[in-house]
Every structure is written in structure tokens, then in C-alpha cells.
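Inspection log for the structure reproduced underneath, given as C-alpha cells.
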Amino acid sequence: MNKNLKLIIFLLCLFITTVVTAQTLKISGIVKDDFDKVLKGVSITIIGTSKGVTTNTLGQYTIDVNPNDSLLFSFVGMQSQIIKPGNNTVINLQLFTVTELFDEVVVLAYGTQRRREITASVASVDSEQMQDVPMADMSQVIQGKLAGVRISSSSGMPGMANTILIRGAGSINAGNGPLVVIDGVPVSSKSDASMYNGQELNPLMDINPSDIASVDVLKDASAAALYGSRASNGVILITTKKGKKGESKLEYNTYYGWGEIPNKIDFVDARQYLTLQNEARTNYNKDMGLNEGDSGFNEPLGDPSNPLANTNWINEITRNYAISQNHQLVFTGGTDKTAVYLSANYVLQEGIVKKNSYDRYSLRFNMNYNAKKWLDVGLNSTFSKSENNRIMGDNNIYGA
């Protein structure tokens with residue numbers, strides 16, 4: 001009987017369903033950005049489920065989870081984070097900006113706008129596309145990288161202005177150059193060439209390409225609506241780099257190169273020239289039937305074995321190697337409220353013609369300070385000193 005009772009109890013246990021209810025926790029907290037401002041609309045989801053909530057206008061949230069669940073915090077333009085709550089009931093979090101997404105934002109006259117929200121024709125290039133181009137001229141760095149933008153050079157001398165056309169020339173007599181805006185400040189893309197024998201200097205050479213974060217080009221009529229009649233030929237918007245919060249970083253970058261004439265013209269020397277001239281004069285006298293002493297007789301030009309001079313003027317006025325070098329020192333860093341970008345740059349470009357060179361010293365200091373939750377203070381400053389040793393213009397009647 002005892003054995004039968006045990007068997008019955010065992011069989012009953014097989015059919016008993018036990019329901020175990022896991023312990024749930026109510027998690028709450030506040031989500032802020034890297035400037036310590038609350039974030040509205042942050043998505044908080046339980047990984048592996050469809051359950052989730054979003055933060056309210058005060059950045060607050062509340063969600064029920066199990067101790068073994070993992071929470072995913074995500075927001076557009078911010079780096080997502082995964083948190084395991086454990087037994088914590090309060091989780092306050094700070095999300096940081098993802099710098100790789102900056103190329104999805106276009107700078108306009110009145111602020112920034114996401115590319116998918118723009119109806120105007122805009123072409124952009126970011127710093128990653130420019131960093132491997134060893135050029136001191138910003139316009140040469142972006143050459144060939146922007147659709148509808150044609151950049152050409154009429155002179156090979158260092159520091160000379162390039163011609164920039166957006167969607168072709170729009171006028172025969174008036175200027176066709178676009179408006180250039182650097183960090184919201186309009187600048188000229190060319191200098192007054194009247195005093196330089198037809199040579200136009202290039203103010204864009206004063207900008208260090210390594211300091212540029214992005215270049216946006218407004219190509220259609222919307223540019224004139226934003227910037228007025230000066231933008232009738234388009235607008236080039238240049239945004240310089242800003243500091244990043246976090247660990248301070250010091251970088252030094254340099255490159256060194258040289259240029260040379262690939263194929264020099266092989267001219268005759270003085271001996272060869274005298275020999276050819278004497279042969280020509282002898283043939284002329286023979287054809288004309290002239291003898292020494294006759295009127296019109298051409299005397300030999302000189303003795304080929306003993307020329308008065310033997311100068312190769314191409315070698316005299318050109319360098320064997322034209323040196324180009326660039327040195328840059330960059331400091332970035334900041335605290336929770338301050339971000340700093342500081343760069344110093346030196347550029348030397350020698351022309352292939354002697355005495356022709358371009359030197360530039362530049363310094364840039366950009367700072368952003370979050371004074372209050374509702375107040376950001378920014379400072380963008382730059383200093384540039386350049387020296388352009390020019391030769392006579394090569395695009396006029398006085399040129400060599």
C-alpha cells in the first residue's frame with residue numbers, strides 16, 4: 001500500500017504545472033547629451049523584445065525590466081549605449097555625439113539642416129576626403145570632388161588664383177566666381193589683379209586645408225535667396241574644425257616633396273649656334289654670288305672654337321628641384337563645458353623659376369564654451385601671414 005501511494009504521488013507530480021513569476025524592477029532616470037543638456041525622444045528598448053519607451057521633454061523615462069535584461073539607449077546623431085540594470089532602479093545616462101555623422105549635416109546661412117530635408121542642389125566634401133591630398137591651396141584639394149564645380153588654373157606659379165565655376169559661366173562681362181563663406185563670414189575668392197601685371201592672387205591660400213571640417217556648395221537659385229545677389233554664381237560654404245571633449249591630443253603632421261621639369265628642351269650651345277650661322281652665311285654668299293669685299297657680303301658671325309659666351313638661359317632661370325613642404329601642429333581637447341581646437345601651420349612652395357616662391361604662416365584657434373544650459377559661447381579666430389615672391393605674369397604681353 002505504501003509503495004502504491006508513492007507511485008500515485010509521483011505520477012501526480014508529473015502533471016503539476018508550476019508557474020514561476022520572475023521579479024520585475026521599475027527603472028527610471030534622466031538622459032543628457034555631452035553638453036549636459038536633457039535629451040527628448042531618446043529610445044530605450046529591451047534587447048530581444050519589442051518593449052520600449054522614450055524620454056519626455058525633461059529627458060526622463062520609466063521602464064519595467066527583469067534583472068537579466070539589457071537596455072539599449074539610442075538617439076539620432078548620438079552613440080548608442082547598452083546597459084545591464086542588474087538591481088539598480090535609477091540609471092542616469094549621458095550620450096555622446098557621433099562625429100562620423102557630421103557629413104549628414106549641411107551648413108546653411110541660417111544654421112544646419114539634415115541632407116534628407118534639403119530640396120536645394122548641394123554638393124559636399126568632408127575632411128576625410130581631403131586629408132590625403134598634399135596641397136596648400138583649398139581649391140586644389142577639392143578639385144574633382146564636387147559635381148558641377150569646375151576648378152582650373154591659368155598659371156603654374158605658387159599662390160596664384162584658380163578659376164572656380166559652379167555650373168559653368170553665367171556672364172560674359174561680369175564676374176563668374178562664387179561667393180565663399182568661411183564659418184559664416186563672406187570672403188573674396190580672388191584679389192584685385194590690376195596691380196599685379198594681370199596675375200590674380202589667391203586669398204583662399206590663406207586657409208589651411210587641414211583646418212577644414214567640411215565644404216558645402218550651394219549650386220542653384222536657392223543660394224541667392226539665402227545670401228543675396230553676391231551668390232548669383234553659387235556659394236562655397238567652408239566650416240572649420242572644432243574641438244572635441246575628452247582626452248587632450250597633440251598631433252604633428254608634415255610632408256616634403258619636390259618638383260622638376262620632366263623634359264627640358266635641348267637647345268644648341270654657342271659653338272653649335274656659331275657653326276650653323278656661319279654655314280648659313282656661307283650658303284647665302286654662294287647663292288648670291290658674293291665675294292669678300294662685295295656689298296652685301298655676310299661675314300662669319302664668329303669663331304665656333306672660341307665663342308665669347310656659352311650660357312644656357314633655361315638652366316640659369318630655373319631650379320633643378322622646386323621644394324614643397326608643410327608642417328602642422330594641432331592640439332584638441334576640452335572639459336565637460338569647454339572644447340578647444342588650436343593649430344599652427346607653415347607652408348613653403350617654390351616655383352620652378354628661381355626667385356618665385358610662396359610662404360605661409362597660419363594660426364587658428366576655435367573654442368566652444370557651454371556657459372549655461374541655454375547659452376553656448378563660441379570663438380573662431382585665425383591669423384595668416386603669407387609672402388608671395390612673384391615673377392612677371394605669364395598671361396600678358398609682358399610675360400616671359
Restricting to the range 357-393, what's the tally of residues that are of a type in the set (Lys, Arg), surrounded by fewer than 16 Cβ atoms within 10 Å (Cβ to Cβ) and within 30 Å of TYR321 (Cα to Cα)? 1
Would you list the strands (runs of 3 or more DSSP E) that sit entirely within the range 304-400 and hold 1 or more residues that are closer than 28 Å to TYR252 by Cα and of a type in the set (Lys, Arg)? 357-372, 375-389
Which of the residues belonging to the range 156-202 are modelled with pLDDT under 70 and within 18 Å of the chain's Cα centre (by Cα)? SER189, ASN202
Specify the residue that is nearest to ALA322 (Cα to Cα); the eligible residues are those in the range 250-272 that are assigned to a loop (DSSP other than H, G, I, E, B) and touching a helix residue (DSSP H, G or I) at 6+ places or on another chain (Cβ under 9 Å). ILE261
Just one listed residue, out of VAL19, VAL38, is out of contact with any Ser or Thr (no Cβ under 7 Å at 6 or more places or on another chain), at pLDDT 85 or above and surrounded by fewer than 17 Cβ atoms within 10 Å (Cβ to Cβ), and it is VAL38
Can you pull out every residue in the range 81-94 that is exposed (fewer than 14 other Cβ atoms within 10 Å of the Cβ), at pLDDT 90 or above and of a type outside the set (Val, Ile, Thr)? ASN92
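The values are calculated or read from the model by the stated rules, or taken from the named source; none is laboratory data. Note that this is a predicted model, so its numbers are computed, not measured. So basically every Cβ, Gly included, is an ideal-geometry build from the backbone, and we count neighbours across all protein chains shown.
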